[in-house]
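Worksheet: the structure to be examined is printed underneath.
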Ligand code: GTP
Ligand code: MG
């Protein structure tokens, strides 16, 4: 997709605050600090519209971005951040469950994992949760720039096997730094949006 117009739409914590379901939507999912917001910025070619940070827990609300008046991206807070209280964790769970189960215009979820490490137990639970709710998932293994090219296939295999990615779901190698995988990911997004 050629991105010509990007607007921050709204931040939400509960369904009443989400934008009207007038456009098809793609959401992110993934561990805190894995690179979800960076991935959005890479796709839309904006440096820091989706706020990123080297410290986990940067994104705290569901942030909606309107792209070309054609679609929304929903950037979400990450999971698996150890230094949060039980009550915050519970609130996060409620917020995300409401979003993933109630959002009718959600066409697919981009689940971001770190290519360098086998998917965690939280990553596995997230994938299972999305599959239980019959959501199409594109798994993106990011930070590929941190692994030598000759080892990519080996690491991808670990990602695929650990998450037990279903045959109909895609796995893409990605780097927000080198923009590796950007075109391939846009292609899949357009397919899921039926644009
Ligand atoms: P939360 O909002 O806390 O859930 O994190 P997030 O998943 O949105 O991560 P974010 O995009 O803020 O990135 C976290 C850190 O990883 C930042 O320091 C980014 O610069 C870095 N990062 C993200 N993507 C890449 C990548 O592809 N390569 C490298 N080398 N660093 C990356
Ligand atoms: Mg973020």
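Values quoted throughout were computed directly from the atomic coordinates according to the rules given, and no laboratory measurement underlies them. All values reported here derive from a predicted model rather than from experimental measurement. Glycine also receives a Cβ, built like all others from the backbone with ideal geometry; neighbour counts cover every protein chain displayed.
Just a few scattered comments:
- Sites residue 14 and residue 194 - FRET efficiency at Förster radius 41 Å, r taken between beta-carbons, to 0.05: 0.90
- Over the chain, DSSP H runs of length four or greater, each weighted -39,500 (n - 2.57), average out per residue to a 222 nm ellipticity of -10000 deg cm²/dmol.
- Label-point separation in nm, residue 179 to residue 89, each point 7 Å along Cα→Cβ: 4.0
- For a paramagnetic label modelled on residue 116 (point 7 Å from Cα along Cα→Cβ), amide N atoms under 20 Å away belong, within region 43-76, to 52-59.
- Result for the chain in a Gaussian network model with C-alpha springs under 10 Å: among 15, 167, 77, the largest mean-square fluctuation is at 167.
- Tensor-based shape of the chain (alpha-carbon gyration tensor, a/c under 1.5 rounded, otherwise prolate or oblate): rounded
- By the beta-carbon count within 10 Å of each Cβ, the least crowded to most crowded order of 163, 49, fewest first, is 49, 163.
- For the options 44, 147, 62, a Gaussian network treatment of the chain with springs between C-alpha atoms closer than 10 Å singles out 147 as fluctuating the most.
- Of the beta bridges in the chain, as assigned by DSSP with both residues counted there, near 35 percent are antiparallel.
- Taking all Cα pairs closer than 8 Å and separated by 6 or more residues, the relative contact order of the chain comes to 24 percent.
- Each residue, residue 145 and residue 157, gets one label point 7 Å from its Cα in the Cβ direction; the gap between the two is 2.7 nm.
- Note on residue 134 and residue 5: the extension gain reaches 43.4 nm, defined as 0.36 nm multiplied by sequence separation minus the Cα-Cα distance.
- When the chain is treated as a GNM with alpha-carbon contacts under 10 Å, the residue of 59, 159, 178 showing the greatest mean-square fluctuation is 178.
- Neighbour-count ranking [beta-carbon atoms within 10 angstrom, fewest first] of 10, 140: 10, 140
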